[in-house]
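Worksheet: one structure, shown below.
The values are calculated or read from the model by the stated rules, or taken from the named source; none is laboratory data. Computed from a prediction, not measured in an experiment: that's the story for all the values here. Cβ coordinates were reconstructed from backbone atoms using ideal geometry, including for glycine residues, and neighbour counts include every protein chain displayed. Surface areas here come from the heavy atoms of the whole protein model, side chains and all, with no ligands, DNA or RNA. Shrake-Rupley method; radii C 1.70, N 1.55, O 1.52, S 1.80 Å.
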Amino acid sequence: MTLPGSTRVVIVGGGIIGCSVAYHLARLGWKDVVLLERLKLAGGTSFHAAGLVGQLRTSASITQLLGHSVALYKTLEAETGQATGWKMNGGLRLACTDARMTELRRQATTARSFGLEMHLLTPTEAKALWPLMEIDDVVGAAFLPTDGQANPADITQALAIGARRGGVTIIEGCRVTAVEIAGGRVAAVATSMGRIACEVLVNCCGQWAREFGRLAGVNVPLVSLQHQYVITDPIDGVVPTMPTLRDPDRLTYYKEEVGGLVMGGYEPDPIRHDPRKGPPRAFRLLEPNWAHFQQLTDMAIGRVPALETAGIRQLVNGAESFTPDGNFILGEAPELRNYYVAAGFNAFGIASAGGAGKALAEWIVGGEAPYDLWPVDIRRFGRPHGDSGWLHARTVEMYGKHYTVAWPHEEHHGGRPLRRSPLYDRLKAAGACFGEKLGWERPNWFAPAGQTPEDAYGFGRQNWFAAVGEEHRAVRERVGLFDQSSFAKFLLIGRDAESCLAWICANDTSRPPGSLTYTQMLNSRGGIECDLTVARLAEDRFYIVTGTGFATHDFDWIRRNMPAGARAELIDVTSANAVLSLFGPRARTVLSGLCEDDVSNAAFPFATARPLHVAGAPVTALRVTYVGELGWELHVPVEFAVSLYDALIAAGRPHGIANCGYRAIESLRLEKGYRAWGADITPGSTPLEAGLGWAVKLGTDIPFLGREALIDQRQHPLAKGLACFTVDDPEVVLLGRETIYRNGERVGWLTSGGFGYTVNANIGYGYVRNPDGVDRGHLGTGDYELEVATERVPARVHLRPLYDPAMERIKA
């Protein structure tokens, strides 16, 4: 086939995800698309995938995405005439411990929240669905009737047929050797068959996506690991209608295959594979490693005794790509405009491919994510994720945890510690138990004397509960000190800096120097893309502070949405400044004892920023709060951080100062009603729905991104609204995703949950949905319940902050 000289889109990689993107672009009317595969379609990873298709995830939007896969696979064979092997035989998951059964109960509630059918079964009921298994150690099970299985290679071919019929050109045996860049955008690719100019490039290279990304300076954080499964000869009692089976306590999975079984699993010690080694060859498998697979075989025989005498057709050893957080990678790369990635599917690429291809095609056509895809957005990664050593350490850990219990608040340890604030040693000596975010070591809580600063996981109150309560009370009653150096911090400078922010920010940031503005940044649908504060330091200088985990995303969003030709520069200064946050009713007393500046409310009111000298350190002080108390964020050059910390602790000691961590912040912000981006507010929710309309400049005539969508939304009843819920029963633990019932009807789920020590209640936030409209009257009336681990408990609804609703303490 002749290579065209130019095209609109080039897709590199002809596996199931590349073909899915091509198929869905064609469905959206984009026919000027070329898919390049260096060998044969499905010849990389797709052909040896096990083919299980499950749907339930901890994110509603990713569960929705997987549901799109199932909907596609139901009809794809009839549409294309190509067999797909799809059958909706359901998925069965076993629990062999009380903790695992609790996890299943919570998953069943999550499924109900997201509208997915899931049934809890007794061991006997589970055996009726899967008669070959022994159930002596089974405590219970869960069954999802709409899960299924498919033949990955056949689905890939069906998608390719559909793409070709839609006008897509597919060329096999064509290797891409270089990516041309012009003006910060993709311009062309060089191939073994010639050059193709293009507007958009899509990296669907599977385990080779990281290597291919390097050609254009794009980081794709994934690691290739060996994954094995065995295929047996026919076994008596195995029938085509048997559901897929996952036995996580034995680390194994099963599916029916031509009268026999496929059995594989996730061992705790996976073996790395370098995809660059060996000659490129289609449909290449690795040498079987029976010795390594034996640990899974031993566990599987205890569950399915027939495996001990079954004939073995093949032990498949295929390399697959895995990521450091277990989620796949989707979206436009922050390093390069119009360079998209779909890769790193963590052995659930078949389940994801239909929906992921659809979502990415809509992203390419629409210029922004079609709905909340933050859990898989490539911009969730950052500086640590470009290092192969760190990637390997964390990804191997996550592979080994694929079937372990997913504990609430669980931290991972691979590649740690990496990024440490100047205060790390001080805080460690003070009893800090650290968590990690974007490579940063952050104190989650501080162990009192006699307690080891280590998390002990469980589904009830965990071992840090009392310690966090003491930190919470210190902030409410005295003064607390937080190390928030991991905050992402940017400077926007230049003569057009104000006009840039006027367009990007939903709130009005054009206030005088010294002003501090809390604002969202919206997409064209009015969804919340960023949630941050902007301090105006000078006429042409703005200091932007956002959450640790959003550093890459928010920097990219601001930079990409600055008006063309704007004379302004965005600079990441995260590593230049440490942040010590001082909060509590005695915060002013402590601060004033260390500086000569007037920090009274009259001289330094709420929502302002000022330069101060504190204990000899030059500080940019922001009077703002995420905990609902009087206080300041003290942004200080890193070389002064230790001295400033020591001075604050010494000055605060007579006032009962306490080191405090991020779990206290979570409890404090829940009481005050502050939203968390990625949970309570997302690209799929608007400020009007989230109760943040007061932070939007609709009352002005200033144009801004998302304005038209909000004006239109304001003309109609809202379909959902955020509310606060409390549960008084101390035995209940709210974690998020609990189902909300109003007058007995399922109306939503909690987006976040925790405990408020001041109000002494469980607190959750969630959106109440109603197609006929949601207003304060609707939210505030009705009988509410929350379903927690399949049990309904009474709940009270609140439309004002539980703590200090008049903001008197903050503005004291």
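Condition check ((1) farther than 30 Å from residue 584 by Cβ; (2) in a strand (DSSP E or B); (3) open to solvent by 40 Å² or more (accessible area, probe 1.4 Å); (4) among the aliphatic types (A, V, I, L, M)) across all residues:
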{"site": "741", "(1), (2), (3), (4)": "yes, yes, no, no"}
{"site": "746", "(1), (2), (3), (4)": "yes, yes, yes, no"}
{"site": "759", "(1), (2), (3), (4)": "no, no, yes, yes"}
{"site": "764", "(1), (2), (3), (4)": "no, yes, no, no"}
{"site": "792", "(1), (2), (3), (4)": "yes, yes, yes, no"}
{"site": "796", "(1), (2), (3), (4)": "no, yes, yes, no"}
{"site": "805", "(1), (2), (3), (4)": "no, no, yes, no"}
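Filter segment 522-533 down to residues that are of a type in the set (A, V, I, L, M) and surrounded by fewer than 24 Cβ atoms within 10 Å (Cβ to Cβ), then give me how many there are.
Going through segment 522-533 one residue at a time, the tally reaches 1.
Just for segment 195-236: of the residues that are open to solvent by 30 Å² or more (accessible area, probe 1.4 Å) and outside any loop (DSSP other than H, G, I, E, B), which one is farthest from residue 30 (Cα to Cα)?
226
Residues that are touching a Leu at 6+ places or on another chain (Cβ under 7 Å), at least 3 per element: which strands (runs of 3 or more DSSP E) completely within segment 457-571 meet that?
Those strands (runs of 3 or more DSSP E) span 479-483, 516-522, 528-538, 541-546.
If you go through segment 720-739, how many residues are free of Cβ contacts under 8 Å to residues at least 60 places away in the same chain, over 21 Å from the mean Cα position of the chain (by Cα) and open to solvent by less than 10 Å² (accessible area, probe 1.4 Å)?
Here the count works out to 1.
Considering only residues that are of a type outside the set (A, V, I, L, M, F, W, C) and open to solvent by 40 Å² or more (accessible area, probe 1.4 Å), which ones fall in segment 692-706?
Residues satisfying the conditions are 699, 700, 701, 703.
Return the residues of segment 86-109 that are under 26 Å from the mean Cα position of the chain (by Cα), under 18 Å from residue 247 (Cβ atoms) and among the β-branched types (Val, Ile, Thr); say none if nothing qualifies.
Hit for segment 86-109 is 102, nothing else.
Given 1, 118, which one is in contact (Cβ under 8 Å) with a residue 60 or more places away in the chain and buried (at least 21 other Cβ atoms within 10 Å of the Cβ)?
Checking each option against the conditions leaves just 118.
Any residue at all in segment 26-47 that's polar (S, T, N, Q), assigned to a loop (DSSP other than H, G, I, E, B) and without any contact (Cβ under 8 Å) to a residue 40 or more places away in the chain?
Within segment 26-47 (the criterion being polar (S, T, N, Q), assigned to a loop (DSSP other than H, G, I, E, B) and without any contact (Cβ under 8 Å) to a residue 40 or more places away in the chain), the answer is no, since none of the residues qualifies.
The conditions are (1) surrounded by fewer than 17 Cβ atoms within 10 Å (Cβ to Cβ); (2) in contact (Cβ under 8 Å) with a residue 24 or more places away in the chain; (3) under 24 Å from residue 152 (Cβ atoms), and residue 305 fails exactly one of them. Which is it?
Here residue 305 clears every test but (3).
For segment 108-123, what are the residues that are assigned to a helix (DSSP H, G or I) and either under 17 Å from residue 237 (Cα atoms) or aromatic (Phe, Trp, Tyr) (or both)?
Those that are assigned to a helix (DSSP H, G or I) and either under 17 Å from residue 237 (Cα atoms) or aromatic (Phe, Trp, Tyr) (or both): none in segment 108-123.
Which ones in segment 161-175 are touching a helix residue (DSSP H, G or I) at 6+ places or on another chain (Cβ under 7 Å) and either crowded, with 19+ Cβ neighbours inside 10 Å or part of a helix (DSSP H, G or I) (or both)?
Scanning segment 161-175 gives 161, 162, 163, 168, 170.
Check off (1) buried (at least 17 other Cβ atoms within 10 Å of the Cβ); (2) farther than 28 Å from residue 376 by Cα; (3) touching a helix residue (DSSP H, G or I) at 6+ places or on another chain (Cβ under 9 Å) for residue 556 and give me the number that stays unchecked.
(2)
Among the candidates 679, 664, 709, which residue alone is outside any loop (DSSP other than H, G, I, E, B), open to solvent by 20 Å² or more (accessible area, probe 1.4 Å) and among the aliphatic types (A, V, I, L, M)?
709
Name the residues in segment 632-646 that are assigned to a strand (DSSP E or B), touching a residue at least 60 places away in the same chain (Cβ under 8 Å) and buried (at least 20 other Cβ atoms within 10 Å of the Cβ), would you?
633, 635, listed by residue number.
For residues that are open to solvent by 30 Å² or more (accessible area, probe 1.4 Å) and of a type in the set (A, V, I, L, M), scanning just segment 4-42, find the one that is nearest to residue 186 (Cα to Cα).
28
Quick check on residue 409: is it in a loop (DSSP other than H, G, I, E, B), open to solvent by 60 Å² or more (accessible area, probe 1.4 Å) and in contact (Cβ under 8 Å) with a residue 24 or more places away in the chain?
Spelling it out, residue 409 is indeed in a loop (DSSP other than H, G, I, E, B), open to solvent by 60 Å² or more (accessible area, probe 1.4 Å) and in contact (Cβ under 8 Å) with a residue 24 or more places away in the chain.
Filter the strands (runs of 3 or more DSSP E) completely within segment 241-308 down to those with at least 3 residues that are farther than 18 Å from residue 226 by Cβ.
Of the strands (runs of 3 or more DSSP E) lying wholly inside segment 241-308, those with at least 3 residues that are farther than 18 Å from residue 226 by Cβ span 244-247, 252-257.
Look through 83, 71, 78, 42 and report the one residue that is within 27 Å of residue 213 (Cβ to Cβ) and among the hydrophobic types (A, V, I, L, M, F, W, C).
42 is the lone residue from the list that is within 27 Å of residue 213 (Cβ to Cβ) and among the hydrophobic types (A, V, I, L, M, F, W, C).
Got a sec? Which of 628, 652, 699, 691 is at negative phi and part of a loop (DSSP other than H, G, I, E, B)?
Residue meeting the stated conditions: 699.
Would you check which residues across segment 565-585 are charged (D, E, K, R) and either within 31 Å of the chain's Cα centre (by Cα) or surrounded by 22 or more Cβ atoms within 10 Å (Cβ to Cβ) (or both) and list them?
569, 572
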